[in-house]
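Written below as structure tokens is the structure these notes are about.
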Amino acid sequence: MYAYFRGELISSSRDNAIVDVGGVAYRLLISNSTYRQLPSSGDQVKLLAHLHVKEDLMQLYGFIEEEERQLFLLLLSISGVGPKLALAILSGLPVEEIQEAIMANKPETLFGISGVGKKTAARIILELRDRILKLQQTRPGKTAGAGSVASLSEDALQALTTLGFSRASAQQAVARALLSAENPGVEDIVREALQNIRNH
């Protein structure tokens with residue numbers, strides 16, 4: 001419903017910001033990361049927004065960066081993760097470190113965050129890894145050249161082993177996928193490797 005709010009920053013704290021847009025003040029809940037990037041009170045600010053609606057409660061959430069908003073929405077899609085916990089996760093670590101923990105299958109990085117137990121951390125990694133791969137493939141500069149084949153191969157291997165395949169079968173499938181793909185991305189390799197596994 002709301003894409004963003006642009007206006008005067010009236011006040012801010014570690015968990016919310018109040019923005020005056022044309023004489024109407026909006027209160028948006030924010031993460032520590034967004035808070036640290038806000039300008040001084042009285043300056044102009046643009047906050048990307050998400051309106052969360054639950055029964056009779058409506059709450060606005062604000063983000064300085066699109067990557068943070070995307071990760072917030074992904075976290076909300078996980079059973080047992082509500083907006084309060086999603087915001088706590090974004091406050092606990094920078095977006096890049098959360099993504100790296102998910103991609104590298106390191107739940108211990110996440111369950112150090114307040115409110116995130118071992119089961120929740122494991123569920124976040126299981127459910128979000130492929131979707132984060134897909135998001136990264138939509139950004140510029142994510143296709144692989146000759147110098148990044150090793151990194152590409154390892155990312156694809158991690159994705160397949162997270163899905164439950166043995167590393168040995170995953171390595172064979174990824175090797176075949178790399179031979180048949182032109183200018184591949186991780187998502188392309190994983191898709192092709194899954195097809196190879198099903199056909200053998």
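Residues that are surrounded by fewer than 17 Cβ atoms within 10 Å (Cβ to Cβ) and modelled with pLDDT under 90: list the helices (runs of 4 or more DSSP H) wholly contained in segment 89-187 that include at least 2 such residues.
On the way: elements: 95-103, 107-110, 118-137, 149-162, 167-180.
Output list reads 95-103, 118-137, 149-162, 167-180.
Could you please let me know if A86 is of a type in the set (G, A, S), touching a Phe, Trp or Tyr at 6+ places or on another chain (Cβ under 9 Å) and at negative phi?
The answer is yes for A86.
Need pairs with beta-carbon distance below 7 Å; first residue among the basic types (K, R) and within segment 100-127, second part of a helix (DSSP H, G or I); sequence gap 6+ or separate chains.
K118/P107
Look through segment 29-53, keep the residues that are over 20 Å from the mean Cα position of the chain (by Cα) and of a type outside the set (S, T, Y), and return whichever of them is farthest from R69 (Cα to Cα).
G42
The values are calculated or read from the model by the stated rules, or taken from the named source; none is laboratory data. Quick caveat, the model's predicted, so the values are computed rather than measured. Positions of Cβ are backbone-derived with ideal geometry, glycine not excepted, and every protein chain shown enters the neighbour counts.
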